[in-house]
Amino acid sequence: MSLLLNRKTFGNIANKGNALSREDAYALFHEWVINPKLQLHMKQVAYLMKCWAIEKEGLDVTAAWHWEMAGLLHDADWDQWPELHCKKILEELEQRNVDPEILHAIASHGPVHFGVEPETPMDKMLYAFDELSGLIHAYSLMRPGGYEGMDVKGVKKRLKEKSFAASVSRDDIMDACKRAGIVPDDLIAFIIPRQATVS
Ligand SMILES: [Fe+2]
């Protein structure tokens, strides 16, 4: 099954600055995503994107919502239409006149799968957070205290253990960190305390 999008541009530049309202984004999220585990993953990535936009990129609330929205909806079609993953949500958001930058971030969150390269900081961070967030969450589930007392060293150990959360692509994590210009340790340290607050 190929998920290649076979195109490089998304949306219309005339829609620059347009995002869904928080209400509309969450309505779509709840309509399309049924699996609570996937919902949590998407909420975690959304929050990490928001935190990064504000804390590291110095963006204002409006711009940070664009980052958060990309995170919140990046896997929206995975639950019910896995064979249309990425294509369906992009078409939906294009119809709703969403900013091309948000669309491009969603389109490039898995370059190997969708054939679209992450270019902007928003693109790169969505790609970087996606798999690593999942691995850290899987690690929290096997720890008696969850996120309590979790450290970078423990996460790195799991990262090296290929049988742990085997579906998480270590290659994607390394590739994403490289593209974003971040060492994995720093990204892990950023994720742990923030992700711990998402439920
Ligand atoms: Fe994801």
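The values are calculated or read from the model by the stated rules, or taken from the named source; none is laboratory data. Model, not experiment: these values are computed from the prediction. With ideal geometry, Cβ positions are generated from the backbone for all residues, glycine too; neighbour counts draw on all protein chains shown.
List of remarks:
- Qualifying residue in the range 174-185 (condition: assigned to a helix (DSSP H, G or I), within 16 Å of the ligand (Cβ to nearest atom) and either touching a strand residue (DSSP E or B) at 6+ places or on another chain (Cβ under 9 Å) or of a type in the set (Val, Ile, Thr) (or both)): no
- Whether a residue is among the acidic types (Asp, Glu), more than 25 Å from residue 19 (Cβ to Cβ) and part of a helix (DSSP H, G or I) was assessed, and residue 101 does not pass this test.
- If you go through the range 115-143 and keep only what is among the small types (Gly, Ala, Ser), touching a Phe, Trp or Tyr at 6+ places or on another chain (Cβ under 8 Å) and more than 14 Å from the ligand (Cβ to nearest atom), you end up with just 140.
- The requirement of being more than 13 Å from the ligand (Cβ to nearest atom), modelled with pLDDT of 95 or more and not aliphatic (A, V, I, L, M) is satisfied by residue 104.
Table: residues versus (1) away from the ligand (no atom under 16 Å from the Cβ); (2) of a type in the set (Asp, Glu); (3) exposed (fewer than 15 other Cβ atoms within 10 Å of the Cβ).
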residue: 22; (1), (2), (3): yes, no, yes
residue: 29; (1), (2), (3): no, no, no
residue: 33; (1), (2), (3): no, no, no
residue: 44; (1), (2), (3): no, no, no
residue: 53; (1), (2), (3): yes, no, no
residue: 69; (1), (2), (3): no, no, no
